[in-house]
Amino acid sequence: MWLRDADKADYGALLLAEGVHFLNNGSIYLIGISNRSNTYSEELLHMLPTDESMVQTRSILVDEIDKHVLKLKEMDTWNGKVSSDELSMAVEFHCAYEIFAQLHPVPRGIKLQQLLEYERELENPQGISTIRAPPLIMSTVMYSPNCGLITTANETTGMRMEQYYNKSTSYAGMAIVFSIVQIFSLIQQMEYTSTPSSVSNVSYWTIAMQAMMDGYLCLLHLTTGVVVKSVFLRFAAAAFFNFILVSVFSMRYLLLIWRIQRPENARPVADTNARPLSPPSATTTDNSNGEQRTILPLAATRRRVLQNDGPRDFSRVYYRVYFVLLLGVFVFYQAASRSAFAQNIIIFVCGFAFYSFWVPQIIRNVLRGCRKPLRRRYILTMSVTRLAVPLYFFGCPYNLIDREPTRWVWALAAYVGLQVVILLLQDILGPRFFISERSLPQTYNYHPILPASDEERGATETGNSAGASRDCAICMLPVDTNSTGPPGLHVLGRAQYMMTPCQHLFHTECLEKWMRIKLECPVCRSYLPAS
């Protein structure tokens, strides 16, 4: 029995309670001590209400003492003392408690035969359909004569150990099934984004936050199995599938996303051997004020050269993931040593932070203007399976840890549901449907208006026969950039070609197929923003 301080969860005392339980009336008489070397058999006999119960208890105590003596003789350690390991307690505690407990009777609608069948099924499971487990309710009075303390508990609920093992088996099975479903869903998502262009639309932080959640679940299941040895195999199996999900599939996908999206955030390094690219001189004059503005997109003055450290960069990703995992373990340990109010605050903040894993993907859809970066089945599957654990522990009244349900867990479910709705609407209505045009980020236009003096069209009109070719570097066929005709049809002509930020001209169909595979210019290997 563990007596814990309500304000500081890591302060308390461990009591070793021994006594008798009378099955005919549900009465329990216990002596709670903090030192096994001391015996309180005489005090236990004085607690009993009748002479008959005292005789029965005395007979039981004599039998238990004889069994203990035989056990010590077999171990060849009979020296009148107990090993020091058995005497280690949480804190120094000298109060001895006399504990009086009374089990409440089962509801009247349950017959004795049904109760006996339920008991037999718990002891030897055969798969027989029995009644629902009746509530285990007990009222307790704890009195310490030498310390002058008294503690009462009215109508507290609990569960039998057999029922606890059955619930742990059910929970471990649920966790294993959900982990397997998540593994197959992630594999299908990886097949869905099989090209670098499609991978570039997936948010790195969305996958990273989900990997962190799987890592913490793996540690939680493994720790529970080590502490509670009777459920080790069940929780170790659940931890194994969580480990496979985070270490094999999530980390592999995470490294792939990081490698492809790395040029977006990498700083350009000047290449001393590269010559500057001169921007085109095509301009137009605004008749109202006489100012000149450039029609074509500006070219980069120097080619982007990325520093590649090889395996060192991949190791940094692992270091960051493991650092966040260790930091989370430290935070959870601090939460466990605080009061119940502080624990609820920390769990609330961490829960809403981790279950915002779709928010980075929503933001990336807006910034890049991309649709359907994730499979709808992947979004729905991950949302439902990841909500199963908090809904079980904080929403189900018959959970494994016997925690009372809280309404905040439904707010968490609604919050995740709102993220899912926004992601699905972005696929249908567009990634920027909820943002005004003034707030939209600027994107590169691959279909600019090309004047007749464009360098890519050649220099026949300027008299320079050594002008650059206007052939597509992918299919090696000429690119038609003529915009003659009615003004309203100029847009259709511009849709036939695409010009990159590095001022290279291609057919629209050719460059779009190329960008599905690589986001690099086919000519100079410069990074290409998403279209």
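The values are calculated or read from the model by the stated rules, or taken from the named source; none is laboratory data. Note that the structure is a prediction, hence the values are computed from the model and not measured. Ideal geometry is used to build each Cβ from the backbone, glycine not excepted, and the neighbour counts take in all protein chains shown. Heads up: the accessible areas ignore ligands, DNA and RNA and are worked out on the full protein's heavy atoms, side chains in. Shrake-Rupley method; radii C 1.70, N 1.55, O 1.52, S 1.80 Å.
You can think of it this way: the chain between LEU256 and ILE428 has 59.2 nm of extra reach, that is 0.36 nm per residue less the Cα-Cα gap. The H on the amide N of TYR497, modeled in the peptide plane, is under 5 Å from the matching H of THR508, each at least 5 residues off or on a different chain. Karplus-based coupling profile of region 219-234, in residue order and whole Hz: 5, 5, 5, 5, 5, 4, x, 6, 6, 9, 5, 5, 10, 5, 4, 5, with θ = phi - 60° in 6.51 cos²θ - 1.76 cosθ + 1.60 and x standing for Gly or Pro.
Couplings for region 207-216, taken from phi via the Karplus curve 6.51 cos²θ - 1.76 cosθ + 1.60 with θ = phi - 60°, read 6, 5, 5, 5, 5, 4, 4, 5, x, 5 Hz in order; Gly and Pro are left as x. Return the carbon/sulfur percentage of the accessible area of region 125-230, one whole number, probe 1.4 Å, all protein chains in place. Ligands and nucleic acids excluded, carbon and sulfur reach 65 percent. The phi-based Karplus calculation (6.51 cos²θ - 1.76 cosθ + 1.60; θ = phi - 60°) puts the 3J(HN,Hα) values of region 141-152 at 10, 10, 10, 10, x, 7, 10, x, 10, 9, 9, 10 Hz, whole numbers, x for Gly and Pro. Placing a label point 7 Å from the Cα of MET159 along the Cα-to-Cβ line, the residues of region 370-396 whose backbone N sits under 14 Å from it are 392-396.
Per residue, region 325-418 exposes an accessible area of 54 Å² to a 1.4 Å probe, with every protein chain left in place. Here the peptides 232-238, 411-417 are ranked by packing, the mean other Cβ count within 10 Å, and the order with the highest first is 232-238, 411-417.
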